[in-house]
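Structure record follows, encoded as structure tokens.
The values are calculated or read from the model by the stated rules, or taken from the named source; none is laboratory data. Quantities reported herein were computed from a predicted structural model and do not represent experimental measurements. Here the Cβ is made from the backbone with ideal geometry for all residues, glycine too, and neighbour counts use every protein chain on show. The accessibility values were calculated without ligands, DNA or RNA, using every heavy atom of the protein model including side chains. Shrake-Rupley method; radii C 1.70, N 1.55, O 1.52, S 1.80 Å.
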Amino acid sequence: MALNLFVNETVGSTFKVCSDLVQLLTEERLQFIDLTELVRERVRRSGVAHGLVNVHTKHTTTALVVNENEPLLLSDFKDFVERWAPRSAPYRHNDLQARRFQVPPDERPNGHSHARALLLGMSVGLNITDGEIDLGEFQRIFLVELDGVRKRSVSILVLGLAVESGEDRER
Amino acid sequence: MALNLFVNETVGSTFKVCSDLVQLLTEERLQFIDLTELVRERVRRSGVAHGLVNVHTKHTTTALVVNENEPLLLSDFKDFVERWAPRSAPYRHNDLQARRFQVPPDERPNGHSHARALLLGMSVGLNITDGEIDLGEFQRIFLVELDGVRKRSVSILVLGLAVESGEDRER
Amino acid sequence: MALNLFVNETVGSTFKVCSDLVQLLTEERLQFIDLTELVRERVRRSGVAHGLVNVHTKHTTTALVVNENEPLLLSDFKDFVERWAPRSAPYRHNDLQARRFQVPPDERPNGHSHARALLLGMSVGLNITDGEIDLGEFQRIFLVELDGVRKRSVSILVLGLAVESGEDRER
């Protein structure tokens, strides 16, 4: 077991970093957008065989999560997001007159959106082995729109070793 | 201060990526499984001195978290997980007849497990310095089983520089 | 589109890993401490142009999050943190006599602090492109003190390619 601990150990191949900024227009106030194939595409095109893909949102009222893309479940998730940070709760942030800093021109009462984003998280790191994201059968990567409809950006970075054929070492 | 900002800066040594898939059988419906020593072992065997270890679960009803391994506290955490997403809440996902996609043969009513997983998160990135994970005194890495008993897989990837002795630079 | 998918693809430059341990004394029981400029400074000094910065706390009663630094919003966040894991809830962890392991000398009843930390998460991975963290306009990096006042440590690791001028490839 000791000698066989790591399935893959890769040394001395070409180290690469590839990045992309994905822009999309969300369609609902609260929406789960499945980015899995889009992220997979970036990993494949990067040529990275062993490494990491880090995905993060560039907004404070969206989240980045991994779970199952089952429509009834996503509908349950929307209920829970409302339960965890209700839209109707009182938010000081929604009192635009009271703010110390300049309010963006397209600002709306969205304290609940920020609280939900805080809870769900904004970045996910996933391992790449043999050129594929090491996701389980039911795992899908979602951007969660919490204050739509808006134009949104997601940052994707792939880094690791681009192994030429025959360079892989098994030990 | 300016010149001494980084304790470690390492350039030009061997860059390595090591990955492992850890499989385990969970024992309880809701269980915190301490993976710290297992992850530490992978980091040591990788030979990576300065870099990152990324750990993520491969399931949508488990979570990956870092906190203290104090039995009373883990018992408190179980209460909170039940409070945040009660098992008895109504879940559309639990209506197997209503689902649009094929239901896995071992499926059980587990909407609450998914909601808990969404909340707790599925990946953790930890820094490696001088060959050790930069964990604090009380920090332990846990796989959280939220829909046990099941066979589970955790993906571990270590990447960074494997410094030969004497290669380290302090500046 | 196919050829132009990645804005940046960088190969064969110098791979670097830089790490730093930031120590700070928190000032409130529940406090959001904006670390953005401090992390940006580490990224700039690292010289890494394309890569990743991973930031994590070294404590089990603090969290690491990204959201907006708007004072009224941070005040809302404090209310929600209290709502999600009330200080007044019963915590077995607070029964110091019942604990199986030795209790740290400076221990206080802080079950709620741990539960809050579990919920908010302890690490954030952010992409670096063209030498800058790829943060959105309103995104700021916070250490969240959940059991202050205490001395705290945050681990920062920057890894990636340090591109010399003229080495960048666009394709």
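Tabulated results
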item: Qualifying residue in segment C:51-59 (condition: farther than 23 Å from B:LEU159 by Cβ, at pLDDT 95 or above and not charged (D, E, K, R)); result: yes
item: Filtered residue count, segment B:49-64, keeping only those that are more than 8 Å from every other protein chain (Cβ to nearest Cβ) and in a strand (DSSP E or B); result: 5
item: Given (1) more than 12 Å from chain C (Cβ to nearest Cβ); (2) open to solvent by 10 Å² or more (accessible area, probe 1.4 Å), number of the condition A:PHE15 does not satisfy; result: (1)
item: Criterion (of a type in the set (Asp, Glu) and surrounded by 22 or more Cβ atoms within 10 Å (Cβ to Cβ)) met by exactly one of C:ASP76, C:ASP106; result: C:ASP76
item: Test: residue in segment C:158-171 that is open to solvent by 20 Å² or more (accessible area, probe 1.4 Å), outside any loop (DSSP other than H, G, I, E, B) and either touching a strand residue (DSSP E or B) at 6+ places or on another chain (Cβ under 9 Å) or closer than 30 Å to A:ASP20 by Cα (or both); result: no
item: Top-ranked residue in segment C:121-140 [being of a type outside the set (Phe, Trp, Tyr), open to solvent by 20 Å² or more (accessible area, probe 1.4 Å) and under 16 Å from A:ALA115 (Cα atoms); ranked as farthest from the other protein chains (Cβ to nearest Cβ)]; result: C:ARG140
item: Residue identified as in contact with a helix residue (DSSP H, G or I) (Cβ under 6 Å, 6 or more places away or on another chain) and among the basic types (Lys, Arg) among B:ARG44, B:ARG108, B:ARG40, B:ARG87; result: B:ARG87
item: Failed item, numbered, when B:LEU5 is tested on (1) modelled with pLDDT of 95 or more; (2) in a loop (DSSP other than H, G, I, E, B); result: (1)
item: Single match in A:ASP34, A:ASP20 (criterion: touching a residue at least 60 places away in the same chain (Cβ under 8 Å), open to solvent by less than 40 Å² (accessible area, probe 1.4 Å) and among the charged types (D, E, K, R)); result: A:ASP20
item: Selection from segment B:79-119 of residues that are under 20 Å from B:VAL154 (Cβ atoms), assigned to a helix (DSSP H, G or I) and either free of Cβ contacts under 8 Å to residues at least 40 places away in the same chain or not hydroxyl-bearing (Ser, Thr, Tyr) (or both); result: B:VAL81, B:HIS114, B:ARG116, B:ALA117, B:LEU118, B:LEU119
item: Sole exception among (1) among the aromatic types (Phe, Trp, Tyr); (2) farther than 15 Å from B:LEU143 by Cβ; (3) in contact with a strand residue (DSSP E or B) (Cβ under 8 Å, 6 or more places away or on another chain) for B:TRP84, by number; result: (3)
item: Hits in segment A:65-83 (condition: closer than 29 Å to A:PRO109 by Cβ, within 7 Å of another protein chain (Cβ to nearest Cβ) and more than 17 Å from the chain's Cα centre (by Cα)); result: A:PRO71, A:LEU73, A:SER75, A:ASP76, A:PHE80
item: Residues located in segment C:114-136, provided they are among the small types (Gly, Ala, Ser) and in contact with a Gly (Cβ under 9 Å, 6 or more places away or on another chain); result: C:GLY121, C:SER123, C:GLY125, C:GLY131
item: Tabulated pairs, segment C:126-151, first touching a residue at least 40 places away in the same chain (Cβ under 8 Å), second of a type in the set (Phe, Trp, Tyr), C-beta under 6 angstrom, 6+ apart or interchain; result: C:PHE142/C:PHE32; C:VAL144/C:PHE32
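Residue-by-condition table, conditions (1) β-branched (Val, Ile, Thr); (2) at positive phi; (3) open to solvent by less than 30 Å² (accessible area, probe 1.4 Å):
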{"site": "B:LEU38", "(1), (2), (3)": "no, no, no"}
{"site": "B:VAL48", "(1), (2), (3)": "yes, no, yes"}
{"site": "B:HIS56", "(1), (2), (3)": "no, no, yes"}
{"site": "B:ALA63", "(1), (2), (3)": "no, no, yes"}
{"site": "B:VAL66", "(1), (2), (3)": "yes, no, yes"}
{"site": "B:ALA85", "(1), (2), (3)": "no, no, yes"}
{"site": "B:ALA89", "(1), (2), (3)": "no, no, yes"}
